[in-house]
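Rule-based calculations on the coordinates, nothing more; no lab input. All of these numbers come straight from a predicted model, not from anything done at the bench. Glycine gets a Cβ as well: all are built from the backbone with ideal geometry, and neighbour counts include every protein chain shown.
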Amino acid sequence: MSKLLIDGQWVDAIDGRTIDMINPCNGQAFTKIARGQAADIDLAVAAAQRALNGAWGRMTATERGRILHRLGQLLLDNAEEFAQLEARDTGKPMTVARNDVIAVARYFEFYGGAADKVHGQAIPYLNGYNVNVIRIPHGVTAHIIPWNYPAQMLGRTLAPALAMGNAAVVKPSEDACLTTLKLGELAMEAGLPPGALNIITGYGAEAGAALTSHPGINFATFTGSPEVGVMVQQATARNHVPCVLELGGKSPQIVFNDADLDKALPIIVKAIVQNAGQTCSAGSRLLVQQNIYDKFIGMVAESFRAVKVGTPEMDIDCGPIINAKQYGRVNKFVTDAIASGVPLIAEGSLAPNLPQGGYFIKPVLFGSVPRNHDLAYLEVFGPVLSAMSFSDEEDAIELANATEFGLVAGIWTENGSRQSRVAKRIQSGQVFINCYGAGGGVELPFGGVKKSGHGREKGMLALEEMSTTKTIVQYYN
Ligand code: NAD
């Protein structure tokens with residue numbers, strides 16, 4: 001049974017309540033977490049405020065950076081245990097979970113190194129004045145984390161927040177939070193002062209809502225669904241607290257008739273199958289130029305038939321869907337599409353001897369998806385690829401932009417002028433040309449436009465999001 005981390009101490013929820021954690025591979029409870037609520041959030045926010053007024057707030061940027069570096073190293077030292085926890089919580093293949101640990105460690109290494117490289121400005125002003133613009137932390141930052149890449153998403157928001165000297169209260173997902181708790185343990189070992197990081201597990205409507213509406217927070221970052229994103233924005237707005245929202249996507253892979261199809265194929269398939277399609281930046285729409293459509297869809301179909309779904313230990317292409325609700329939702333998209341006559345071109349298979357009661361779904365490729373069909377513009381958040389054809393460059397751009405989302409896009413063409421023209425006109429926060437990375441590395445600023453959210457994480461830009469400025473005007477005459 002896991003506890004809450006408040007002020008450097010591991011404690012039960014005030015009212016002692018707990019939540020069962022469910023293994024997505026068999027639908028069975030395997031451990032319990034504390035069910036934090038508003039009263040626990042109050043304690044965590046107060047502890048964060050004390051940390052800012054105490055040792056953490058007085059620490060130099062270099063010292064903060066050293067702690068983050070130590071945390072990165074501790075994550076690598078404990079990589080196998082960390083990966084096992086992540087795989088158990090989410091059902092993802094062990095290889096993917098192991099890569100996730102390296103990615104989390106990388107966040108702490110990157111932002112540990114960056115902590116003392118954020119400089120201010122000196123502004124020429126009137127005679128007799130010194131004007132300096134310095135970067136300062138927001139103060140207490142709230143972090144609401146989803147279940148799909150729980151460890152990576154935590155590293156993505158926590159590392160830059162701590163690098164800038166903020167104190168954090170983290171509310172991980174009730175569906176997957178074991179690596180967040182482990183990271184809390186390692187952060188204490190790395191020397192993070194009490195209260196600089198507090199972790200409150202619990203339900204979104206309870207602990208999450210209490211945190212984002214708390215008058216004691218100064219900034220919030222939320223990664224999750226667009227619907228909850230609206231609630232978070234409304235809650236923070238009541239206290240005029242700025243927030244970064246990383247929401248969903250329906251990212252297009254645009255394949256022109258001069259593309260290197262052999263090079264594109266494995267990357268396009270991986271971009272939707274990876275993590276069973278539960279990736280905000282999954283390439284879930286495949287837009288192919290008409291005169292190569294049949295040929296390329298045939299190639300994709302063959303790859304889809306080879307995809308296998310299994311448990312973390314089987315360590316094959318992908319694992320189960322996270323929970324019963326998402327499983328039902330993804331299945332409904334598939335059965336509704338079949339019922340409405342959308343051609344099911346190919347599907348992967350479930351590995352033999354899977355445990356009973358797991359949320360395993362075969363990856364599916366749908367072809368000739370009508371442009372006004374749900375599958376053409378709604379986020380499934382499962383291993384479902386919607387293929388559509390386009391006539392020319394203009395049509396491709398129109399189709400690519402024809403959803404409410406705008407997170408990532410992939411462009412496949414050997415024509416350099418077309419690469420630049422299309423990249424410029426695609427509405428999304430990231431564009432990949434002849435490659436595709438689910439968000440890319442820690443160095444690359446990431447975030448959406450339209451209903452995919454606002455604000456930027458990753459890269460040096462995240463340090464600006466995680467801080468604000470103060471202009472100091474000194475008259476010396
Ligand atoms: P979700 O919005 O249901 O939950 C996300 C987090 O918000 C969880 O920790 C949850 O407990 C919390 N939450 C729920 N209600 C809340 C409330 N009222 N106030 C505050 N917090 C609350 O989303 P999910 O089911 O965990 O994830 C699926 C969705 O998230 C998909 O739409 C996906 O695209 C999106 N997502 C986006 C990114 C990104 O980087 N853009 C990354 C991962 C997931």
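Laid out as a table, the results:
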item: Ranked list, fewest to most other Cβ atoms within 10 Å of each Cβ, for LEU344, LEU181; result: LEU344, LEU181
item: Per-residue HN-Hα couplings for segment 31-37 [Karplus 6.51, -1.76, 1.60; θ = phi - 60°; Hz; x = Gly/Pro]; result: 6, 10, 10, 6, 9, x, 9
item: Packing-based ranking, highest mean first, of 423-434, 125-136 given that Cβ atoms within 10 Å are counted; result: 423-434, 125-136
item: Exposure proxy order (Cβ contacts within 10 Å, fewest to most) of GLU185, GLU347; result: GLU185, GLU347
item: Theoretical FRET efficiency, 1/(1+(r/R0)^6), r = Cβ-Cβ of ALA237 and VAL131, R0 35 Å, to 0.05; result: 0.65
item: Label-point separation, ASP42 to ASP336 (7 Å along Cα→Cβ), nm; result: 4.2
item: For segment 323-415: rounded, prolate or oblate by the Cα gyration tensor [a/c cutoff 1.5]; result: prolate
item: Distance between segment 183-201 and segment 72-118 - C-alpha centres, whole angstrom; result: 15
item: Pairwise centroid distance, computed over Cα atoms, of segment 121-171 with segment 288-342, Å; result: 39
item: Considering only the chain, percent of DSSP beta bridges that pair antiparallel, nearest 5; result: 40
item: Estimated distance in nm for a label pair at THR95 and LYS424, the labels positioned 7 Å out from Cα along Cα-to-Cβ; result: 4.0
item: For segment 343-380 and segment 237-259, distance of Cα centres in Å; result: 22
item: Ordering of 390-397, 319-326 by packing [mean C-beta count within 10 Å, highest first]; result: 319-326, 390-397
item: Length added when fully stretched, LEU444-MET460, from 0.36 nm per residue minus Cα-Cα; result: 4.9 nm
item: LYS117 paired with ASN53, simple spin-label distance in nm, labels 7 Å along Cα-to-beta-carbon; result: 3.5
item: Net length gained if the chain between LEU76 and ILE14 were fully extended (0.36 nm per residue, minus Cα distance); result: 19.0 nm
